[in-house]
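So the structure is just underneath, and the comments pick up after that.
The values are calculated or read from the model by the stated rules, or taken from the named source; none is laboratory data. Given the structure is predicted, the values throughout are model-derived calculations rather than measurements. FYI the Cβ positions are ideal-geometry reconstructions off the backbone, even for glycines, and counts take in every protein chain you see.
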Amino acid sequence: MEKYHRNERIGAIVKILTENPNKIFTLNYFAEMFNAAKSTVSEDIVIAKKMMDKFSFGIIETLSGAAGGVKYIPIFSEDKSKELVHDLCTRLSSTDRIIPGGFLYMTDIIYSPDIVSVIGRILATHFMDAGADYVLTIETKGIPIALMTAKYLNIPLVIVRSGSKVTEGSTVSINYVSGSTKRIQTMSLSRRAVKRGTKSIFIDDFMKAGGTATGIMELMKEFENEVLGIGVLMESKEPEIKMVDNYISLLTLDGVDEENNIVKIEPSSTFL
(Lines give C-alpha, C1' and ligand atoms only; values in the text may rest on other atoms or scores of the structure.)
Protein backbone atom coordinates (compact mmCIF):
# COMPACT_ATOMS: atom_id res chain seq x y z
CA MET A 1 0.00 0.00 0.00
CA GLU A 2 1.21 3.49 -0.84
CA LYS A 3 3.01 5.47 1.84
CA TYR A 4 2.49 9.20 2.20
CA HIS A 5 4.91 11.95 3.21
CA ARG A 6 4.17 13.99 6.31
CA ASN A 7 3.26 17.13 4.36
CA GLU A 8 0.80 15.09 2.26
CA ARG A 9 -0.82 13.63 5.37
CA ILE A 10 -1.10 16.99 7.09
CA GLY A 11 -2.60 18.59 3.99
CA ALA A 12 -5.19 15.82 3.71
CA ILE A 13 -6.02 15.97 7.44
CA VAL A 14 -6.58 19.74 7.32
CA LYS A 15 -8.75 19.48 4.21
CA ILE A 16 -10.91 16.68 5.62
CA LEU A 17 -11.39 18.36 8.99
CA THR A 18 -12.14 21.85 7.63
CA GLU A 19 -14.66 20.46 5.14
CA ASN A 20 -16.45 18.65 7.98
CA PRO A 21 -16.60 21.11 10.90
CA ASN A 22 -17.54 19.73 14.32
CA LYS A 23 -17.46 16.15 13.05
CA ILE A 24 -15.31 13.71 15.03
CA PHE A 25 -12.83 11.55 13.11
CA THR A 26 -11.05 8.73 14.90
CA LEU A 27 -7.30 8.27 14.71
CA ASN A 28 -7.98 4.87 13.16
CA TYR A 29 -9.77 6.60 10.30
CA PHE A 30 -6.64 8.53 9.35
CA ALA A 31 -4.25 5.68 10.21
CA GLU A 32 -6.05 3.39 7.78
CA MET A 33 -6.29 6.11 5.13
CA PHE A 34 -2.55 6.80 5.21
CA ASN A 35 -1.39 3.28 6.11
CA ALA A 36 0.40 4.81 9.09
CA ALA A 37 0.69 4.19 12.81
CA LYS A 38 -1.68 6.06 15.11
CA SER A 39 1.32 7.62 16.85
CA THR A 40 2.44 9.04 13.51
CA VAL A 41 -1.02 10.42 12.82
CA SER A 42 -1.07 11.98 16.30
CA GLU A 43 2.15 13.82 15.50
CA ASP A 44 0.67 15.04 12.22
CA ILE A 45 -2.39 16.36 14.03
CA VAL A 46 -0.23 18.24 16.56
CA ILE A 47 1.56 20.01 13.70
CA ALA A 48 -1.73 20.80 11.96
CA LYS A 49 -3.18 22.12 15.22
CA LYS A 50 -0.24 24.49 15.75
CA MET A 51 -0.53 25.78 12.18
CA MET A 52 -4.26 26.45 12.53
CA ASP A 53 -3.70 28.23 15.85
CA LYS A 54 -0.89 30.35 14.42
CA PHE A 55 -2.98 31.70 11.56
CA SER A 56 -6.28 31.87 13.50
CA PHE A 57 -7.97 29.47 11.09
CA GLY A 58 -9.95 27.78 13.86
CA ILE A 59 -9.24 25.05 16.39
CA ILE A 60 -8.31 21.41 15.88
CA GLU A 61 -9.38 19.65 19.06
CA THR A 62 -8.40 16.16 20.17
CA LEU A 63 -10.82 14.13 22.27
CA SER A 64 -9.70 11.30 24.52
CA GLY A 65 -11.57 8.18 25.55
CA ALA A 66 -13.38 5.40 23.73
CA ALA A 67 -15.36 7.87 21.61
CA GLY A 68 -12.34 10.08 21.12
CA GLY A 69 -10.69 11.37 18.01
CA VAL A 70 -10.17 14.76 16.44
CA LYS A 71 -12.47 17.50 15.14
CA TYR A 72 -12.24 20.96 13.65
CA ILE A 73 -14.03 23.85 15.38
CA PRO A 74 -14.39 26.76 12.90
CA ILE A 75 -14.35 29.67 15.33
CA PHE A 76 -13.16 33.16 14.54
CA SER A 77 -11.11 35.08 17.07
CA GLU A 78 -12.74 38.18 18.56
CA ASP A 79 -10.39 40.47 16.62
CA LYS A 80 -11.02 38.63 13.35
CA SER A 81 -14.79 38.75 13.85
CA LYS A 82 -14.71 42.50 14.53
CA GLU A 83 -12.56 43.06 11.45
CA LEU A 84 -15.02 41.16 9.27
CA VAL A 85 -18.06 42.94 10.72
CA HIS A 86 -16.46 46.33 10.08
CA ASP A 87 -15.84 45.22 6.50
CA LEU A 88 -19.54 44.35 6.16
CA CYS A 89 -20.40 47.83 7.46
CA THR A 90 -18.26 49.39 4.75
CA ARG A 91 -19.82 47.25 2.03
CA LEU A 92 -23.39 47.94 3.09
CA SER A 93 -22.89 51.67 3.77
CA SER A 94 -22.34 52.41 0.08
CA THR A 95 -24.85 55.03 -1.04
CA ASP A 96 -25.50 53.23 -4.33
CA ARG A 97 -27.37 50.63 -2.26
CA ILE A 98 -30.20 53.06 -1.51
CA ILE A 99 -33.44 51.94 -3.15
CA PRO A 100 -36.33 54.39 -3.77
CA GLY A 101 -38.56 54.41 -0.72
CA GLY A 102 -35.67 54.52 1.74
CA PHE A 103 -34.76 50.84 1.53
CA LEU A 104 -31.32 49.23 1.46
CA TYR A 105 -30.26 46.71 -1.19
CA MET A 106 -28.67 43.67 0.53
CA THR A 107 -29.51 40.77 -1.78
CA ASP A 108 -26.05 40.54 -3.37
CA ILE A 109 -24.47 40.27 0.09
CA ILE A 110 -26.90 37.63 1.32
CA TYR A 111 -26.51 35.49 -1.80
CA SER A 112 -22.73 35.81 -2.22
CA PRO A 113 -21.24 32.41 -1.18
CA ASP A 114 -17.97 33.92 0.09
CA ILE A 115 -19.59 36.67 2.14
CA VAL A 116 -22.46 34.63 3.53
CA SER A 117 -20.00 31.90 4.53
CA VAL A 118 -18.17 34.44 6.70
CA ILE A 119 -21.45 35.70 8.21
CA GLY A 120 -22.51 32.14 9.02
CA ARG A 121 -19.15 31.37 10.59
CA ILE A 122 -19.29 34.45 12.84
CA LEU A 123 -22.77 33.50 14.04
CA ALA A 124 -21.72 29.86 14.46
CA THR A 125 -18.79 31.01 16.59
CA HIS A 126 -21.21 32.80 18.91
CA PHE A 127 -23.51 29.77 19.25
CA MET A 128 -20.79 27.07 19.18
CA ASP A 129 -21.31 26.02 22.80
CA ALA A 130 -25.08 26.57 22.96
CA GLY A 131 -25.92 22.89 22.52
CA ALA A 132 -28.49 23.40 19.76
CA ASP A 133 -29.85 20.47 17.77
CA TYR A 134 -31.21 22.59 14.89
CA VAL A 135 -30.79 25.92 13.15
CA LEU A 136 -34.17 27.50 12.39
CA THR A 137 -34.96 30.17 9.82
CA ILE A 138 -38.00 31.45 7.97
CA GLU A 139 -38.22 31.66 4.21
CA THR A 140 -36.60 33.17 2.23
CA LYS A 141 -33.75 35.67 2.58
CA GLY A 142 -32.52 34.22 5.86
CA ILE A 143 -31.92 30.79 4.31
CA PRO A 144 -28.34 31.32 3.02
CA ILE A 145 -27.13 32.75 6.35
CA ALA A 146 -28.87 30.02 8.33
CA LEU A 147 -27.52 27.31 6.02
CA MET A 148 -23.92 28.47 6.51
CA THR A 149 -24.45 28.71 10.27
CA ALA A 150 -25.83 25.17 10.28
CA LYS A 151 -22.87 23.97 8.19
CA TYR A 152 -20.29 25.28 10.68
CA LEU A 153 -22.25 23.96 13.66
CA ASN A 154 -22.79 20.66 11.80
CA ILE A 155 -26.48 20.49 12.72
CA PRO A 156 -29.60 20.35 10.48
CA LEU A 157 -31.29 23.42 9.03
CA VAL A 158 -35.07 23.68 9.47
CA ILE A 159 -37.02 26.16 7.33
CA VAL A 160 -40.27 27.55 8.69
CA ARG A 161 -42.65 28.56 5.91
CA SER A 162 -45.16 31.37 5.59
CA GLY A 163 -47.74 28.86 4.38
CA SER A 164 -48.16 25.10 4.34
CA LYS A 165 -46.90 23.07 1.35
CA VAL A 166 -48.38 19.77 0.20
CA THR A 167 -44.87 18.28 0.06
CA GLU A 168 -44.39 18.99 3.78
CA GLY A 169 -47.10 16.56 4.87
CA SER A 170 -48.95 17.30 8.10
CA THR A 171 -47.97 20.71 9.48
CA VAL A 172 -48.36 22.87 12.58
CA SER A 173 -49.41 26.45 11.85
CA ILE A 174 -49.75 29.50 14.09
CA ASN A 175 -50.74 33.11 13.62
CA TYR A 176 -48.44 35.84 14.90
CA VAL A 177 -48.36 39.62 14.86
CA SER A 178 -45.61 41.31 12.89
CA GLY A 179 -43.69 43.64 15.20
CA SER A 180 -43.19 46.25 12.48
CA THR A 181 -46.51 46.25 10.57
CA LYS A 182 -48.73 44.92 13.38
CA ARG A 183 -50.42 42.68 10.83
CA ILE A 184 -51.44 39.10 11.56
CA GLN A 185 -49.35 36.62 9.59
CA THR A 186 -49.04 32.84 9.48
CA MET A 187 -46.07 30.49 9.78
CA SER A 188 -46.05 26.71 9.54
CA LEU A 189 -43.68 23.79 9.98
CA SER A 190 -43.92 20.11 9.09
CA ARG A 191 -44.57 17.87 12.07
CA ARG A 192 -41.64 15.71 10.91
CA ALA A 193 -39.13 18.55 10.83
CA VAL A 194 -38.18 18.73 14.52
CA LYS A 195 -38.02 16.07 17.21
CA ARG A 196 -39.71 16.85 20.49
CA GLY A 197 -37.58 17.73 23.48
CA THR A 198 -34.82 19.28 21.38
CA LYS A 199 -33.18 22.71 21.24
CA SER A 200 -32.56 25.19 18.46
CA ILE A 201 -31.31 28.62 17.48
CA PHE A 202 -33.11 31.01 15.13
CA ILE A 203 -31.11 32.75 12.38
CA ASP A 204 -32.44 35.47 10.06
CA ASP A 205 -31.19 38.26 7.82
CA PHE A 206 -32.99 41.24 9.39
CA MET A 207 -34.92 42.13 12.52
CA LYS A 208 -36.96 45.25 13.09
CA ALA A 209 -39.16 44.79 16.15
CA GLY A 210 -38.75 41.05 16.69
CA GLY A 211 -42.26 39.88 15.80
CA THR A 212 -41.05 37.07 13.55
CA ALA A 213 -38.62 35.81 16.19
CA THR A 214 -41.42 35.86 18.77
CA GLY A 215 -43.62 33.88 16.38
CA ILE A 216 -40.85 31.31 15.89
CA MET A 217 -40.53 30.84 19.65
CA GLU A 218 -44.29 30.34 19.98
CA LEU A 219 -44.32 27.85 17.10
CA MET A 220 -41.49 25.82 18.60
CA LYS A 221 -43.41 25.46 21.85
CA GLU A 222 -45.79 23.26 19.85
CA PHE A 223 -42.82 20.95 19.22
CA GLU A 224 -41.54 21.13 22.81
CA ASN A 225 -38.41 22.68 21.32
CA GLU A 226 -36.47 25.32 23.24
CA VAL A 227 -35.12 28.28 21.26
CA LEU A 228 -31.77 28.97 22.92
CA GLY A 229 -30.95 32.17 21.09
CA ILE A 230 -31.48 34.35 18.04
CA GLY A 231 -28.89 35.61 15.57
CA VAL A 232 -29.44 38.11 12.74
CA LEU A 233 -27.21 39.85 10.23
CA MET A 234 -28.79 43.25 10.83
CA GLU A 235 -31.27 44.92 13.18
CA SER A 236 -32.93 48.30 12.84
CA LYS A 237 -32.12 50.84 15.52
CA GLU A 238 -35.81 51.65 15.91
CA PRO A 239 -37.78 50.50 17.73
CA GLU A 240 -35.09 50.47 20.41
CA ILE A 241 -37.02 48.00 22.59
CA LYS A 242 -37.50 44.71 20.74
CA MET A 243 -40.06 42.01 21.42
CA VAL A 244 -37.17 39.61 22.19
CA ASP A 245 -34.02 40.09 24.19
CA ASN A 246 -31.97 36.90 23.81
CA TYR A 247 -30.52 37.86 20.43
CA ILE A 248 -27.31 38.95 18.74
CA SER A 249 -27.07 41.03 15.58
CA LEU A 250 -23.87 41.81 13.71
CA LEU A 251 -24.97 45.21 12.37
CA THR A 252 -27.36 47.99 13.34
CA LEU A 253 -29.12 50.07 10.69
CA ASP A 254 -29.53 53.58 12.06
CA GLY A 255 -31.31 54.86 8.98
CA VAL A 256 -31.37 55.37 5.23
CA ASP A 257 -31.60 59.05 4.29
CA GLU A 258 -32.64 58.95 0.65
CA GLU A 259 -32.85 62.73 0.30
CA ASN A 260 -29.29 63.37 1.53
CA ASN A 261 -27.91 60.09 0.13
CA ILE A 262 -26.71 58.78 3.52
CA VAL A 263 -26.68 55.23 4.90
CA LYS A 264 -25.96 54.84 8.62
CA ILE A 265 -24.77 51.36 9.59
CA GLU A 266 -22.54 50.40 12.50
CA PRO A 267 -21.49 47.22 14.33
CA SER A 268 -24.26 46.21 16.71
CA SER A 269 -23.82 46.71 20.43
CA THR A 270 -25.10 43.16 20.98
CA PHE A 271 -22.16 41.89 18.92
CA LEU A 272 -19.47 44.17 20.36
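State whether one or more residues within the stretch 52-68 are under 19 Å from residue 268 (Cβ atoms), outside any helix (DSSP H, G or I), out of contact with any Asp or Glu (no Cβ under 8 Å at 6 or more places or on another chain) and touching a residue at least 24 places away in the same chain (Cβ under 8 Å). Before the answer, list the steps.
Residues of the stretch 52-68 under 19 Å from residue 268 (Cβ atoms): none.
Within the stretch 52-68, not a single residue is under 19 Å from residue 268 (Cβ atoms), outside any helix (DSSP H, G or I), out of contact with any Asp or Glu (no Cβ under 8 Å at 6 or more places or on another chain) and touching a residue at least 24 places away in the same chain (Cβ under 8 Å).
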Within the stretch 264-271, does at least one residue satisfy the condition of being in contact (Cβ under 8 Å) with a residue 60 or more places away in the chain and over 27 Å from residue 91 (Cα atoms)? no
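Matching residues to (1) loosely packed, with under 12 Cβ neighbours inside 10 Å; (2) in contact with a strand residue (DSSP E or B) (Cβ under 8 Å, 6 or more places away or on another chain); (3) not acidic (Asp, Glu):
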position: 40; (1), (2), (3): no, no, yes
position: 45; (1), (2), (3): no, yes, yes
position: 53; (1), (2), (3): no, yes, no
position: 56; (1), (2), (3): no, no, yes
position: 70; (1), (2), (3): no, yes, yes
position: 73; (1), (2), (3): no, yes, yes
Tell me the strands (runs of 3 or more DSSP E) entirely within the stretch 152-249 that contain at least 2 residues that are among the hydroxyl-bearing types (Ser, Thr, Tyr). 171-177, 184-190
Unique match (being surrounded by 12 or more Cβ atoms within 10 Å (Cβ to Cβ), within 30 Å of residue 260 (Cα to Cα) and not assigned by TED's automatic domain parsing to the domain that holds residue 11) among 136, 123, 104: 104
Taking the options 82, 54, name whichever one is of a type in the set (Lys, Arg), assigned by TED's automatic domain parsing to the domain that holds residue 248 and either in contact with a Lys or Arg (Cβ under 7 Å, 6 or more places away or on another chain) or under 28 Å from residue 250 (Cβ atoms) (or both). 82
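Give the residue that is nearest to the chain's Cα centre (by Cα), with candidates limited to residues of the stretch 72-95 that are in a loop (DSSP other than H, G, I, E, B) and farther than 22 Å from residue 129 by Cα.
Result: 93.
Would you point out the residue of the stretch 77-92, among those that are closer than 25 Å to residue 262 by Cα and without any contact (Cβ under 8 Å) to a residue 40 or more places away in the chain, that is surrounded by the fewest Cβ atoms within 10 Å (Cβ to Cβ)?
Residues of the stretch 77-92 that are closer than 25 Å to residue 262 by Cα, as a first pass: 82-92.
From the residues that got through so far, the ones that are without any contact (Cβ under 8 Å) to a residue 40 or more places away in the chain too are 83-84, 87, 90-91.
Numbers: 83: 11, 84: 17, 87: 12, 90: 9, 91: 15.
My answer is 90.
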Only one of 236, 190, 249 is closer than 22 Å to residue 148 by Cβ, crowded, with 17+ Cβ neighbours inside 10 Å and either among the hydroxyl-bearing types (Ser, Thr, Tyr) or over 21 Å from the mean Cα position of the chain (by Cα) (or both), namely 249
